[in-house]
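A short write-up of the structure that comes next.
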Amino acid sequence: MGDYSASLGNLKQFDEDQMEEIRIGMEEGLDVSIYADPEYMPLQMEAIRLGLEKGLDVSKYANRKFDWFQMDEIRLGLEYDLPVSRYANPELSYQIMHEIRLGLAAGIDLGRRTDLDWKTLEQLRLAHTYGIDLDSYVDRGYNSYQLEEIRIALETGIDIDLYLRPDFRAAAIREIRLGLEEFVDVSVYAKVEYSWMQMRELRLALSEQLDVSKFSSPLYNWRQMREIRLGLADGLNIDVYNNLMYTEYDMHNMRVALLKTVDITGSNQQHNISTTNFLISVSEDGMEADFTLLSPLHGRTKSKIRNLLKENGITTGVQKTMLEKLISEHRLNTPYILATGVPSQKGRDGYYQFSFDPKLIRSKTKSDGSLDLNNGQFFHIVKKGEKLAVYQPAENGKDGYNVYGETLPAKRGKEQKRLHGKGVILLPDGKTYQALTDGCVKYYEEKSELNVVKMVVYNEVTFATGDIHFEGNVYVTGTVGDGVTITATEDIIVDGSVEAAHLRAGKNIYLRRGIHGKHRGTLYADGSIISSFCESVKIHCGENFHTNYCMDVRAEIEGFTEIMGKKGSIVGGYIESLCGITCTTIGNPAGIETHIRIGPTEKMTERIRYMLMADDRVRKELLLLQKGLEKFHTQYKPEVYHNMDMYKKIENAIYTKNLEMQQLNEAEQKLDSEMYEVRNAKVIVRKKVYEGVDVRIEDVKWEATESENINLCKKQNNIVVNRNNDSLEK
């Protein structure tokens, strides 16, 4: 090794790819003799060459015993001046090297634990970034998958130790962790006699505030538990099928049958009784009985007619007034409604009573259509110990009856899912939620999430105060000066003006008086940005962007852009907004260059490709597992294969893969919805577009001539310009 010159004679020993690495090195003036060894694979040569290009001491890894992945880990460590001797050992896998390298970069030496697998090292490293020590859990025998769940729990401040056991699978620990996050009593199911899937059903039921005593016996398999849980959630009388004698398939069929009948009154079969003197006709739903005289009464009294009804099964809901009317009017061939049933009434659903308005009005609209941020409310301040919400449980419904006297059982109201979140606690009454800390409260209805987020308040932020980095909300009542940086894991709210500052929010940014960026300022929000105006600033927005005025801005908006009001203008700069743009004018009479882009990007297309590949992989794996299950079905009787370990493993694997497929389908649906919105994106201009403006939709470009009141969209491979729904040009 290393004794090869670059002579043509020696070069004949190398294949084409090796020759390419030598050629590149020679062109760059590198000492190719270090790697001009035919025993090196081309990728090993490349790793050494890349190190030489950076001026690194490649002798640390220029060794045939290292594969190219290992070489890369050592090379990257040398680039960052890390002590690579802690892991430069060909006996270590590249994955272990990778974790040790990342650990050294983060200030933790994992080289002392090379006896552990790389996944465990990964969990130790990730925990270290939160100041969490997992060594004691490793020593107790928890594997990497269990450690991951423990780490996540500890990172979120959950005390999970009380419920941990090394013989719990990672999936079981996850169910315990999720239950603690949702404030449910996990002691109900944190037991070895339950499988993780049984735990999941019990957790979901507790989270939905259902009575788990109905199916908490470990003798129920998880599928039986699921059928009972779903029945309880729908307010059904689960006593009909809540019995171990029924299989999960029996339970499913009985639950579906109950669902079909619970809202149907009566026998659903029309009942007619006819004689020469009268006709009784009962509606299909059993809720109405008509009595028609076909011949005179001849002395029949009310009591006799009641007896006639009773003899024909109509015992309930007889209408005294209509009966008297029949006797007094004595009309032939005229139906009288003599009996009516009473439909059942569903009970009131459970609901949360909040001590704050859960729906913030962050901005209002002025008479000219522009944003009014001065009167918006961006947060609710709460104090530690303050009551936030009280749950009002669902109520029983009121049973009804039909004319046959049959009871029509009422559905109980639906319980709401338990709230979960950070900075809150559920009191022992199981209904009252209280703040654990001072801060601002946030409620996300779609996720049943209630958080109290810490908030820091500044009068102003300047060089004198220095930069701000805060886990929570940052609220500035005054101005934000040139050159300062504010980062917050939640929202940033500024009441005063913002100059050439750098604002980075994990959620949203609200600027009541806008920003003068002076070509140096930046706004970066994972959520939305709402600002009264934006000038000469670089913007990245993970959701939607709302402002009254945009001048010389460079913006990347992953959602929708709305420039509001009569003066809602985009003047100069570049705005990319995936879901479209609505504004009043674009450009100006001087023809300033203004670039607009909407529609899908390559990044979104790549996400679709990845999703399709993942979908295909899981489908193939499911197919193989299902074929394996079918072999058991054909070779053994049910009482045999249900007790076989391999059959149970395949069943569990199918369940897990179905969950993975469900998650993929949900992600695909979300992406499809996003893509539908993006592919149908438009640029809508309420007044003028000036010359100097160009609009790009995907790969098609449109250059403006002065136009008014138009919208632009892509159809096939053309940009179509419409005014008042009439196509103008293509």
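The values are calculated or read from the model by the stated rules, or taken from the named source; none is laboratory data. Computed from a prediction, not measured in an experiment: that's the story for all the values here. We place every Cβ from the backbone using ideal geometry, glycine too, and count neighbours over all the protein chains shown.
Check HIS252 against each of (1) in the same structural domain as ASN333 (by TED's automatic domain parsing); (2) modelled with pLDDT of 85 or more and name the one condition it does not meet.
(1)
Taking segment 173-196 only, how many residues are touching an Asp or Glu at 6+ places or on another chain (Cβ under 9 Å) and either surrounded by fewer than 18 Cβ atoms within 10 Å (Cβ to Cβ) or hydrophobic (A, V, I, L, M, F, W, C) (or both)?
Final tally of qualifying residues: 7.
Quick one: which residue in LEU625, LEU578 is in contact with a helix residue (DSSP H, G or I) (Cβ under 6 Å, 6 or more places away or on another chain) and within 23 Å of VAL693 (Cα to Cα)? Break it down into steps so the answer makes sense when it comes.
Details: LEU625 fails: within 23 Å of VAL693 (Cα to Cα).
Step by step, each of LEU625, LEU578 is checked, and only LEU578 is in contact with a helix residue (DSSP H, G or I) (Cβ under 6 Å, 6 or more places away or on another chain) and within 23 Å of VAL693 (Cα to Cα).
All but one of (1) farther than 17 Å from ILE96 by Cα; (2) buried (at least 22 other Cβ atoms within 10 Å of the Cβ) hold for ARG165, so report the exception by its number.
The single condition ARG165 does not satisfy is (2).
Condition test on VAL403, is it at negative phi, surrounded by 15 or more Cβ atoms within 10 Å (Cβ to Cβ) and without any contact (Cβ under 8 Å) to a residue 40 or more places away in the chain?
no
May I ask you to list the residues in segment 297-344 that are of a type in the set (Gly, Ala, Ser), touching a residue at least 60 places away in the same chain (Cβ under 8 Å) and part of a loop (DSSP other than H, G, I, E, B)?
GLY313, GLY317, GLY341, SER344
Matching residues to (1) under 30 Å from GLU284 (Cβ atoms); (2) of a type outside the set (Lys, Arg):
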site: SER370; (1), (2): no, yes
site: ASN374; (1), (2): no, yes
site: GLN392; (1), (2): no, yes
site: ASN402; (1), (2): yes, yes
site: LYS417; (1), (2): no, no
site: LYS422; (1), (2): no, no
site: THR432; (1), (2): no, yes
site: CYS440; (1), (2): no, yes
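When you scan segment 129-136, do you find a residue that is buried (at least 17 other Cβ atoms within 10 Å of the Cβ) and under 30 Å from LYS12 (Cα atoms), even just one?
No, every residue in segment 129-136 fails to be buried (at least 17 other Cβ atoms within 10 Å of the Cβ) and under 30 Å from LYS12 (Cα atoms).
Looking at SER536, SER532, SER528, can you tell me which residue is farther than 21 Å from ILE598 by Cα and of a type in the set (Ser, Thr, Tyr)?
Answer to the check: SER532.
List the residue pairs whose Cβ atoms are under 6 Å apart, where the first residue sits in segment 50-69 and is of a type in the set (Phe, Trp, Tyr), the second is crowded, with 17+ Cβ neighbours inside 10 Å, and the two are 6 or more positions apart or on different chains.
From segment 50-69, the pairs are TYR61/MET71; TYR61/ILE74; TRP68/GLN44; TRP68/ALA47; PHE69/TYR94.
Identify, from the list LEU622, LEU659, LEU612, the residue that is at negative phi, buried (at least 16 other Cβ atoms within 10 Å of the Cβ) and out of contact with any Leu (no Cβ under 8 Å at 6 or more places or on another chain). Before the answer, list the steps.
Working: LEU659 fails: buried (at least 16 other Cβ atoms within 10 Å of the Cβ); LEU612 fails: buried (at least 16 other Cβ atoms within 10 Å of the Cβ).
It is LEU622.
Is there any pair linking a residue in segment 638-649 that is over 15 Å from GLY628 (Cα atoms) to one that is of a type in the set (Lys, Arg), with Cβ under 7 Å and at least six apart or on different chains, and which?
none
Any chance you could count how many residues in segment 414-436 are among the small types (Gly, Ala, Ser) and under 30 Å from ASN237 (Cβ atoms)?
Residues flagged as among the small types (Gly, Ala, Ser) and under 30 Å from ASN237 (Cβ atoms) within segment 414-436 amount to 1.
Does segment 443-457 hold any residues that are touching a residue at least 40 places away in the same chain (Cβ under 8 Å) and not aliphatic (A, V, I, L, M), and which are they?
First, pick out the residues of segment 443-457 that are touching a residue at least 40 places away in the same chain (Cβ under 8 Å): 443, 445, 450, 452, 455.
Once the filter is applied, which keeps residues that are touching a residue at least 40 places away in the same chain (Cβ under 8 Å) and not aliphatic (A, V, I, L, M), segment 443-457 yields TYR443, GLU445.
Of the conditions (1) at pLDDT below 95; (2) assigned to a strand (DSSP E or B); (3) of a type in the set (A, V, I, L, M); (4) out of contact with any Lys or Arg (no Cβ under 9 Å at 6 or more places or on another chain), ALA464 clears all except one; give me its number.
Here ALA464 clears every test but (2).
Give me a count of the residues in segment 1-58 that are crowded, with 16+ Cβ neighbours inside 10 Å, among the acidic types (Asp, Glu) and either modelled with pLDDT under 85 or in a helix (DSSP H, G or I) (or both).
So the answer is 2.
Please go through (1) in a loop (DSSP other than H, G, I, E, B); (2) assigned by TED's automatic domain parsing to the domain that holds HIS519 for TYR475 and return the number of the only condition it doesn't satisfy.
Checking TYR475 against (1) in a loop (DSSP other than H, G, I, E, B); (2) assigned by TED's automatic domain parsing to the domain that holds HIS519, the one that fails is (1).
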